[in-house]
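A.B. asks: Pasting a structure here, questions to come.
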Amino acid sequence: MLQKKVCVLGSFGVGKTSLVRRYVESIFSDAYLTTVGVKIDKKTLTVGAETVTIILWDIAGEDEITPIRTSYLRGAAGYFLVVDGTRAETLEVARSIHTRVALEIGPIPFVLLLNKADMQESWDISDQPASALENGAAAILRTSAKTGEGVEEAFQKLAQRIVP
Amino acid sequence: MLNLPPRISDWLLQLVRSQFAVAFLLVDGEQILVSTGGDLENYGLTGLHHRQPACGQLSFLEGLLPLEESPFLIRSLGMPGGRSADVHLLAEEGSTWVVLLDSTTDHDKTQKMQQKAYDMTLLSQREARLIAKLEAAHADLTSAHRELAESREALQRTHDRMQKELRDAERYVRAILPAPMTEPFAVDWLYVPSTELAGDSLGYHWIDSEHFALYLLDVSGHGVGSALLSVAVSQTLRSGALRDADLRLPEEVLGSLNQTYQMELQNNLYFTIWYGVYHPSSGRLRYSCAGHPSAILFSGSSEKNGVSTSLPGAGVPVGMLPNASYDREECTLTPPARLFLFSDGVFEISRPDGSMLEFADFEEALARAASNRKTELDEVLRMARAVHGNSILEDDFSIIKMTI
């Protein structure tokens, strides 16, 4: 069976682990539990006639002291760049990660996720993020790990780009 | 090389094995799992099959082999058994060693510290956003306040300009009112608009050496529109510019005014008027009335109040009906006598409790003032204000007194 490695990247607290849990286990918890290191999950999905197992690398979020290790993306077929729609500063972090990944790993497909779409009243970013991200992204989606909005669609979009 | 004595290196090896639950895997160049050992159970890595593809059994290896960088470390990797491991990958002659060292204790400590740090950071970021929103709201409020102040100033300037224009108009309206006269008989008046400009107007003048006209009119409504019409009518009467009317005949004057000032052409305004012509040598007073309050004639000595007579008329207000006609009434004034013309605003006075002044009380006030040797006009105005409970009356207050 086809296996593809996909990384989940972004600033700390943007909801990366919650998105993975929502997608893999259909679970959501409001409690915030920070990720240390790397968590790996698997999910099998179908793209056209192809069945593919996605190996998800949920990598600890980037903060001011600890940048993400781009070497973890070695062998990745694509990645999710997650932004917290209620914190504009996480979009800047996403831009920075994207630039480093493109430089060190190369131009692999990614999907930009504007997460926490359920918190519309606190929304803090434009629907049209910087063109640098817009142009490179396979898709830009609003997601909510809480309600499930856009989550399934996001994985399908990326899978369609990485499955030959 | 450190060249450690065997005792020390043995001890170190024992320490690492006891504290880090060492386990290892060997993957060959074809990415086949060829060998395993150590405490794999600690990591939940059971049921591994040798001579089978490694990546199918160990997900975290997907995409990493062959190694591009050796050694390669994955810190705090969550393992299937719930433990965390630092995973070291070492290349050796086309094969890859995978060494697992338990890092659960470090992971948990780091997680606690990181959790607190992130919670604090998120809190301070939220606080910063709130402060930014408050500052933005404050800036908006300040801007709105400034705009409001500017609007208020503009409004004040407009108001001041309009007030000035109204005062100019009021001065003009007063300027065209005739001056009080004393010879050969006395005529006096009071004119108090309820707003800056009144719908009332009054006047008197000699038509010729034998005939003296006097009138008082009240245009419906108040303010500028009514004032403009009342001034126009006064000017028409004063200048004698009436079509087909003998100014000495009141019924013709009102009929001509009715033809000239139909309400359809006057912004739906109409007016009431009492118009009289006095012939001093005979004492004859001819008058006509168009919906206006009756004049009051006091005959006899004012000290004894005299005998009051109402001088009514029955016509409809001017401008209401195109074919309206007016009757001429006539009486003779015998000195001493006092004739009062007035608008309804002089006697239709509301009290604070909503009740109205009786007409008889008004008539009584006119009579009483004269017997007390007070000026009737001032006395009636004083009474009206006292009854109303406010110096600003609801309607225009206009009254003429002719004394012979």
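The values are calculated or read from the model by the stated rules, or taken from the named source; none is laboratory data. Predicted, not measured: the structure shown is a model, and the values here were computed from it. Here Cβ is always computed from backbone atoms with ideal geometry, including for glycine, and neighbour counts include all displayed protein chains.
This table checks each residue for (1) of a type in the set (D, E, K, R); (2) surrounded by 17 or more Cβ atoms within 10 Å (Cβ to Cβ); (3) touching a His at 6+ places or on another chain (Cβ under 9 Å); (4) in the same structural domain as B:PHE24 (by TED's automatic domain parsing).
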position	(1), (2), (3), (4)
B:GLU69	yes, no, no, yes
B:ILE74	no, yes, yes, yes
B:GLY78	no, yes, yes, yes
B:ARG83	yes, yes, yes, yes
B:LEU89	no, yes, no, yes
B:GLU93	yes, no, no, yes
B:THR96	no, yes, no, yes
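A.B. asks: While we're on this one: Which numbered condition trips up A:ILE59, out of (1) of a type in the set (Val, Ile, Thr); (2) more than 15 Å from the chain's Cα centre (by Cα); (3) within 13 Å of chain B (Cβ to nearest Cβ)?
C.D. replies: (2)
A.B. asks: If you don't mind, there's one more thing I want to ask. Report yes if some residue within region B:187-205 is small (Gly, Ala, Ser), in contact with a Ser or Thr (Cβ under 8 Å, 6 or more places away or on another chain) and assigned to a loop (DSSP other than H, G, I, E, B); otherwise report no.
C.D. replies: yes
A.B. asks: Same structure, new question: Looking at region B:67-105 only, could you name the residues that are more than 9 Å from chain A (Cβ to nearest Cβ), of a type in the set (D, E, K, R) and either more than 17 Å from B:LEU33 (Cβ to Cβ) or part of a strand (DSSP E or B) (or both)?
C.D. replies: Within region B:67-105, B:ARG83, B:GLU92, B:ASP102 qualify.
A.B. asks: If you scan region A:22-35, which residues turn out to be under 17 Å from B:GLN115 (Cβ atoms) and either without any contact (Cβ under 8 Å) to a residue 60 or more places away in the chain or surrounded by 11 or more Cβ atoms within 10 Å (Cβ to Cβ) (or both)?
C.D. replies: Result: A:SER29, A:ALA31, A:TYR32, A:LEU33, A:THR34, A:THR35.
A.B. asks: Out of the residues in region A:60-99 that are out of contact with any Leu (no Cβ under 9 Å at 6 or more places or on another chain) and among the acidic types (Asp, Glu), which is nearest to A:ILE162 (Cα to Cα)?
C.D. replies: A:GLU92
A.B. asks: I'm checking my understanding of the structure. Among residues of region B:178-214 that are among the aromatic types (Phe, Trp, Tyr) and modelled with pLDDT of 95 or more, which one is farthest from B:LEU341 (Cα to Cα)?
C.D. replies: Applying the filter and picking the extreme gives B:TRP206.
A.B. asks: Would you check if A:LYS146 is in a helix (DSSP H, G or I), more than 14 Å from chain B (Cβ to nearest Cβ) and of a type in the set (Lys, Arg)?
C.D. replies: Here the answer is no, as A:LYS146 does not meet what is asked.
A.B. asks: Can you tell me which condition B:LYS109 does not meet? The list is (1) within 10 Å of chain A (Cβ to nearest Cβ); (2) within 30 Å of B:SER201 (Cα to Cα), and all the others hold.
C.D. replies: (2)
A.B. asks: Working only within region B:342-400, note down all residues that are among the acidic types (Asp, Glu), surrounded by fewer than 20 Cβ atoms within 10 Å (Cβ to Cβ) and within 32 Å of the chain's Cα centre (by Cα).
C.D. replies: B:ASP353, B:GLU394 - these are the residues of region B:342-400 that are among the acidic types (Asp, Glu), surrounded by fewer than 20 Cβ atoms within 10 Å (Cβ to Cβ) and within 32 Å of the chain's Cα centre (by Cα).
A.B. asks: Now for a separate question. Could you list all residues from region B:242-267 that are over 17 Å from B:HIS211 (Cα atoms) and either without any contact (Cβ under 8 Å) to a residue 12 or more places away in the chain or among the aromatic types (Phe, Trp, Tyr) (or both)?
C.D. replies: Once the filter is applied, which keeps residues that are over 17 Å from B:HIS211 (Cα atoms) and either without any contact (Cβ under 8 Å) to a residue 12 or more places away in the chain or among the aromatic types (Phe, Trp, Tyr) (or both), region B:242-267 yields B:TYR261, B:GLU264, B:LEU265.
A.B. asks: Could you pull out the residue among B:LEU130, B:LEU134, B:LEU123, B:LEU148 that is under 30 Å from A:ALA31 (Cβ atoms) and either more than 14 Å from chain A (Cβ to nearest Cβ) or surrounded by fewer than 10 Cβ atoms within 10 Å (Cβ to Cβ) (or both)?
C.D. replies: Checking each option against the conditions leaves just B:LEU134.
A.B. asks: Within region A:88-100, track down each residue that is surrounded by fewer than 23 Cβ atoms within 10 Å (Cβ to Cβ) and within 14 Å of chain B (Cβ to nearest Cβ).
C.D. replies: Scanning region A:88-100 gives A:ALA88, A:GLU89, A:GLU92.
A.B. asks: OK, next. Does B:LEU217 fit the bill of being at pLDDT 95 or above and assigned by TED's automatic domain parsing to the domain that holds B:SER391?
C.D. replies: yes
A.B. asks: Just checking: which of the strands (runs of 3 or more DSSP E) contained wholly in region A:1-109 hold 1 or more residues that are over 30 Å from B:PRO53 (Cβ atoms) and of a type in the set (Asp, Glu)? Give the derivation first.
C.D. replies: Details: elements: A:2-10, A:38-47, A:50-59, A:76-84.
The qualifying strands (runs of 3 or more DSSP E) are A:76-84.
A.B. asks: Would you confirm whether or not region A:107-121 contains a residue that is farther than 18 Å from A:SER18 by Cα, surrounded by fewer than 17 Cβ atoms within 10 Å (Cβ to Cβ) and not polar (S, T, N, Q)?
C.D. replies: Yes - at least one qualifying residue is present in region A:107-121.
A.B. asks: Moving on to the next point. Grab the strands (runs of 3 or more DSSP E) fully contained in region B:229-335, keeping just those with 2 or more residues being buried (at least 20 other Cβ atoms within 10 Å of the Cβ).
C.D. replies: B:271-279, B:284-290, B:295-299
A.B. asks: Within 14 Å of another protein chain (Cβ to nearest Cβ) and surrounded by fewer than 19 Cβ atoms within 10 Å (Cβ to Cβ), is that true of A:SER126?
C.D. replies: So A:SER126 does not fit the description; no.
A.B. asks: Free of Cβ contacts under 8 Å to residues at least 24 places away in the same chain, at the interface with chain A (Cβ under 9 Å from one of its Cβ atoms) and surrounded by fewer than 17 Cβ atoms within 10 Å (Cβ to Cβ), is that true of B:GLU62? Before you say what the answer is, go through the steps one by one.
C.D. replies: On the way: free of Cβ contacts under 8 Å to residues at least 24 places away in the same chain: yes; at the interface with chain A (Cβ under 9 Å from one of its Cβ atoms): yes; surrounded by fewer than 17 Cβ atoms within 10 Å (Cβ to Cβ): no.
No; evaluated as a whole, the condition is false for this residue.
A.B. asks: Out of the residues in region A:36-51 meeting the condition of being hydrophobic (A, V, I, L, M, F, W, C) and within 12 Å of chain B (Cβ to nearest Cβ), tell me which one is surrounded by the most Cβ atoms within 10 Å (Cβ to Cβ).
C.D. replies: Within region A:36-51, the match that is surrounded by the most Cβ atoms within 10 Å (Cβ to Cβ) is A:VAL36.
A.B. asks: Working only within region B:12-58, note down all residues that are under 17 Å from B:SER84 (Cβ atoms), crowded, with 18+ Cβ neighbours inside 10 Å and either among the polar types (S, T, N, Q) or within 14 Å of another protein chain (Cβ to nearest Cβ) (or both).
C.D. replies: Answer for region B:12-58, where residues must be under 17 Å from B:SER84 (Cβ atoms), crowded, with 18+ Cβ neighbours inside 10 Å and either among the polar types (S, T, N, Q) or within 14 Å of another protein chain (Cβ to nearest Cβ) (or both): B:ASN42, B:TYR43, B:LEU45, B:LEU58.
A.B. asks: Does region A:63-74 contain any residue that is more than 10 Å from every other protein chain (Cβ to nearest Cβ) and not aliphatic (A, V, I, L, M)? Outline the logic, then answer.
C.D. replies: Here is the first cut: in region A:63-74, the residues more than 10 Å from every other protein chain (Cβ to nearest Cβ) are A:67-68, A:70.
So of that shortlist, the ones also not aliphatic (A, V, I, L, M) come out as A:67, A:70.
Yes: region A:63-74 contains one or more residues that are more than 10 Å from every other protein chain (Cβ to nearest Cβ) and not aliphatic (A, V, I, L, M).
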